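Scroll down for the structure; my scribbles are underneath it.
Just so it is clear, none of the values below were taken in a lab; they were calculated from the coordinates. The shown structure was predicted, so the numbers you read here are calculated from the model rather than taken from an experiment. With ideal geometry, Cβ positions are generated from the backbone for all residues, glycine too; neighbour counts draw on all protein chains shown.
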Amino acid sequence: MQKTMNVGVIGLGWMGRVHLRNYTEMPGVRVAGVMDSDPAALDAMHKQFGVPVFDTLDALLAQPLDAVSVCVPTVHHLPVGLAVIARGIPLLIEKPLAASAAQGRQLLEAASAAGVPLMVGHIERFNPAVQRVRELAAEDKVISITIERVGPYPPRIQDVGVIRDLGSHDIDLIRHISGSEYKKVFAVTATTIGKHEDTALITAEMENGVLGQISTNWITPYKSRFIRVATTTRYIEANLITQQVKAYSRFQDYNDHYTIKEWPVLYREPVRSELTAFLGALRQGTPMPISGQDGLVVLETIERLGVC
């Protein structure tokens, strides 16, 4: 019988609440406490889930904890992460790892020195559609990866621009699917709503020759999430919202047609898969599914784009 794991959630914004709900539904997991500076958020979560609530980080970290999710705004990742690491508590930090590559390195160095497992929440790696695309891409030589991730401006995001918020998903996914590092990467951006960029077009060449392109913005009135992968034998398209994946054969000019293979949608909530993988790695003593180094590479790539 597996040991019950005591977990905590730091930050009760939208993503923190998703983590909390999933933890409360997972077998072998007990929520030992949640922390936020907003009394109304604490009261709401206590009433909804009956979990212990704390209004200071020290109070939460004084509880017996086997793991925590850090879901605070990006600007607070460094101080909160360092406080958790100082207590020797394994942590999952929501993406991006930190507000800058320098801060990300501080977190990695502290975790390494203390021997504390650290995972970065690049949640799209756990999307079943992404996992299928990666499997299909691995069967052939990839030529290019094109990703569209657009939607309306989110008032809850005030501390970073669209590249760090939305684009960071896809900077990670191109590296993940191509199995290669960035050789060249460029971006053009525009700012029309807030103080940070809200539109970006990113173009890249990977070390293995794969070409990458990301279109992301906060000015589209609807959400759209697509990955399209061209290989030497087929064209793969995935809708990350519906989790539907299609693969098209090459155009056969001698008989004027192509074939389409579609995989049935077996919807899984990526956050549940992510948290299960995180706690599973802790239970088994295996490496984190998404390492701190993975998160750091994303930050370093963003800084190569000249994004502050």
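Just a few scattered comments:
- In order along the range 60-71, the phi-based Karplus estimate (6.51 cos²θ - 1.76 cosθ + 1.60, θ = phi - 60°) of 3J(HN,Hα) comes to 5, 5, 7, 6, x, 10, 9, 6, 9, 9, 9, 10 Hz; Gly and Pro are listed as x.
- Local net charge near Lys3, Cβ-Cβ under 10 Å (Lys/Arg +1, Asp/Glu -1): 0
- Quarter of Cα convex hull surface for the chain, i.e. mean projection, nm²: 17.4
- Crossing angle, helix 77-86 versus the chain [Cα axis fit, 0-90 degrees, rounded to tens]: 50
- Derived scalar couplings between HN and Hα for the range 8-16 equal x, 10, 10, x, 10, x, 4, 6, x Hz in order, rounded to whole Hz, by the Karplus curve 6.51 cos²θ - 1.76 cosθ + 1.60 (θ = phi - 60°), x for Gly and Pro.
- GluC sites (Glu not before Pro) restricted to DSSP loop in the range 98-163 with at most 16 other C-beta within 10 Å: Glu139
- Built amide H within the under 5 Å cut-off of Leu240, gap 5+: Arg225, Phe226, Ile227
- Fraction of beta bridges assigned by DSSP in the chain that are antiparallel (%, nearest 5): 60
- Whole-Hz ³J(HN,Hα) from phi, Karplus 6.51 cos²θ - 1.76 cosθ + 1.60, for the range 211-221, glycine and proline x: 9, x, 9, 10, 10, 9, 7, 10, 10, 8, x
- The range 80-201: Rg to Rh, with Rh as the Kirkwood radius over Cα pairs: 1.00
- For the Cα trace of the range 143-229, dividing Rg by the Kirkwood Rh returns an Rg/Rh value of 0.99.
- Considering only alpha-carbon pairs that sit under 8 angstrom and 6 or more positions apart, the relative contact order computed for the chain is 17 percent.
- Farthest toward positive dipole pole in the range 124-268 [+1 Lys/Arg, -1 Asp/Glu at C-beta], among Gly161, Tyr222, Ser178: Tyr222
- Comparing mean-square fluctuations of Gly295, Gly50, Gly81 from a GNM of the chain with C-alpha springs under 10 Å, the top value falls on Gly50.
- On Cα atoms only, tilt of 292-304 relative to the major axis of the chain in degrees: 60
- Between helix 270-284 and the chain there is an angle of about 60 degrees, using the helix long axis and the longest principal axis of the Cα atoms.
- Think of the chain as a dipole: +1 on every Lys or Arg Cβ, -1 on every Asp or Glu Cβ, centred on the Cα centre; then among Gln63, Ala204, Gly285, Gly285 lies furthest on the positive end.
- Rounded to the nearest 20 debye, dipole of the chain from Cβ charges on Lys, Arg, Asp, Glu: 460
- For the chain, the longest site-free run once chymotrypsin sites (Phe, Trp or Tyr not before Pro) in DSSP loop states with at most 14 other Cβ atoms within 10 Å are removed: 1-250
- Here the range 124-268 was treated as a single set of alpha-carbon atoms; its pair distances binned every 5 Å from 0 give 2, 10, 19, 20, 18, 15, 10, 5, 2, 1, 0 percent.
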